Amino acid sequence: MDVVVIGAGQAGLSSAYHLRRSGLVPDRDFVTLDHSPRPGGAWQFRWDSLTYEKIHGMHALPGMELTGADGSRPSSEVIGGYFTAYEKRFDLRVHRPVDVTAVREGDGGRLRVETSDGVWSARALINATGTWDRPFWPRYPGQETFRGRQLHTADYPGPGEFAGLRVVVVGGGASGTQHLMEIADVAAATTWVTRRPPVFREGPFGEEEGRAAVALVDERVRAGLPPRSVVSVTGLPVNEAITRARERGVLDRLPMFDRITPSGVVWDDGRHVDADVILWATGFRPAIDHLAPLRLREPGGGIRVADTRAVRDERVHLVGYGPSASTIGANRAGRAAVREIRALLERDPVLV
């Protein structure tokens, strides 16, 4: 293949669309590989109580709007159906489920993409694997002694399973607050702890604010540091649900505890909270371990990226990584990656 695209979420489908528009033919000139069982990217794994009307926004894929969505339906169903229709409309022919195990140097200047479905040889690679497969679990003293249940946002089943339980929710992002507000309606007690005081954002969030937030993430990526999510630098938008929860005291936050005991969590000042469940809403890390053989990481721990191109290897583009890890950012990055890859292919037309 000329190009292998890894991942078929928003970033991967946007990239495949622009490859198609550039004249490349699926399964002849490029291939899109996805390890998920069906269309929908990471959205297909979201909990049913996260309805479409609750999400912060899902920018349409290029060339096809999402219209007429029922906001009361689970976002996993709405977006899964949209992605399914999108793949069919543009004949993107995604191969799934396919697990990519490693990308390494191949023969003749090509990249060798090793997968559960065989080996692909590519002149260029678009990595669009996102973060869902790498949930981040912090480690605290005594964690292994806890007699209750510990789970991560990636395993969140919805509020029903927490009825009558004492729940500690860890994390100050959008997922943590959504979990907390749902669980508080059914749990015996909830406690919210965060490493830093949460930032609630009042008022509109326009293009200028969006560009400033993306710039903060982009600065880290260009320096070769692990990216922060765009959401982490935008703050929590205050809506009606947030306002009600704050008035009820649900969002009264405590600083991060110091250790975990068999029965709960404790702080060095003597405070103790009993718990049946600790829910870690502590975010995700980029799923890029399969790129390790290419040695793209910088001393700071991240992959240094200029626009979408890995600085250490111009054949590799990361879309949905760092500043493009949003639905609108992924669309723009997919177009930019394809533009640079087309220039690379035209510059080296006899590469075999």
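The values are calculated or read from the model by the stated rules, or taken from the named source; none is laboratory data. It should be emphasised that the depicted structure is a prediction, and the values quoted were computed from it without experimental measurement. So basically every Cβ, Gly included, is an ideal-geometry build from the backbone, and we count neighbours across all protein chains shown.
Worth pointing out:
- Long-range neighbours under 6 Å by Cβ, at least six apart or interchain, first residue at negative phi within the stretch 63-74, second in a loop (DSSP other than H, G, I, E, B) and surrounded by fewer than 15 Cβ atoms within 10 Å (Cβ to Cβ): PRO74/ASP48
- Lone unmet requirement of (1) farther than 22 Å from HIS152 by Cβ; (2) touching a strand residue (DSSP E or B) at 6+ places or on another chain (Cβ under 7 Å); (3) not hydroxyl-bearing (Ser, Thr, Tyr) for PRO62: (2)
- GLY164 being assigned by TED's automatic domain parsing to the domain that holds ASP276, among the small types (Gly, Ala, Ser), at pLDDT 95 or above and surrounded by fewer than 18 Cβ atoms within 10 Å (Cβ to Cβ): yes
- Among the candidates THR282, THR234, the residue that is within 22 Å of the chain's Cα centre (by Cα) and within 17 Å of VAL168 (Cβ to Cβ) is uniquely THR282.
- Evaluation of TRP280 against (1) surrounded by fewer than 20 Cβ atoms within 10 Å (Cβ to Cβ); (2) under 30 Å from ALA102 (Cα atoms) (one fails), failing number: (1)
- Considering GLY301, GLY264, the condition of being modelled with pLDDT under 95 and surrounded by fewer than 21 Cβ atoms within 10 Å (Cβ to Cβ) is satisfied by GLY301 alone.
- Single condition PHE136 does not satisfy, out of (1) closer than 30 Å to VAL316 by Cβ; (2) aromatic (Phe, Trp, Tyr); (3) surrounded by 15 or more Cβ atoms within 10 Å (Cβ to Cβ): (3)
- Among the residues of the stretch 275-308, those that are outside the structural domain of LEU151 (by TED's automatic domain parsing) and among the acidic types (Asp, Glu) comprise ASP289, GLU298, ASP307.
- Residue pairs whose Cβ atoms lie under 7 Å apart, sitting 6 or more positions apart in sequence or on different chains, and linking a residue in the stretch 259-270 that is within 18 Å of ALA189 (Cα to Cα) to a partner that is part of a strand (DSSP E or B) and acidic (Asp, Glu), are SER263/ASP274; GLY264/ASP274.
- Residues within the stretch 36-61 that are assigned to a loop (DSSP other than H, G, I, E, B) and either among the aliphatic types (A, V, I, L, M) or surrounded by 18 or more Cβ atoms within 10 Å (Cβ to Cβ) (or both), tallied: 10
- Contacts under 6 angstrom Cβ, first residue in the stretch 331-351 being not assigned by TED's automatic domain parsing to the domain that holds LEU13 and of a type outside the set (A, V, I, L, M), partner at pLDDT 90 or above and surrounded by fewer than 17 Cβ atoms within 10 Å (Cβ to Cβ), 6 or more apart: none
- Subset tally (residues that are small (Gly, Ala, Ser) and without any contact (Cβ under 8 Å) to a residue 12 or more places away in the chain) for the stretch 90-140: 1
- Single condition ASP155 does not satisfy, out of (1) surrounded by 14 or more Cβ atoms within 10 Å (Cβ to Cβ); (2) among the charged types (D, E, K, R); (3) outside the structural domain of ARG342 (by TED's automatic domain parsing): (1)
- Residue in the stretch 288-305 that is within 30 Å of PHE257 (Cα to Cα), touching a residue at least 40 places away in the same chain (Cβ under 8 Å) and over 17 Å from the mean Cα position of the chain (by Cα) present: yes
- Listed conditions (1) surrounded by fewer than 24 Cβ atoms within 10 Å (Cβ to Cβ); (2) closer than 13 Å to TYR86 by Cβ are all met by GLN10, apart from (1).
- Scan of the stretch 287-332 for residues that are polar (S, T, N, Q), assigned to a loop (DSSP other than H, G, I, E, B) and closer than 18 Å to LEU125 by Cβ, ordered by number: THR308
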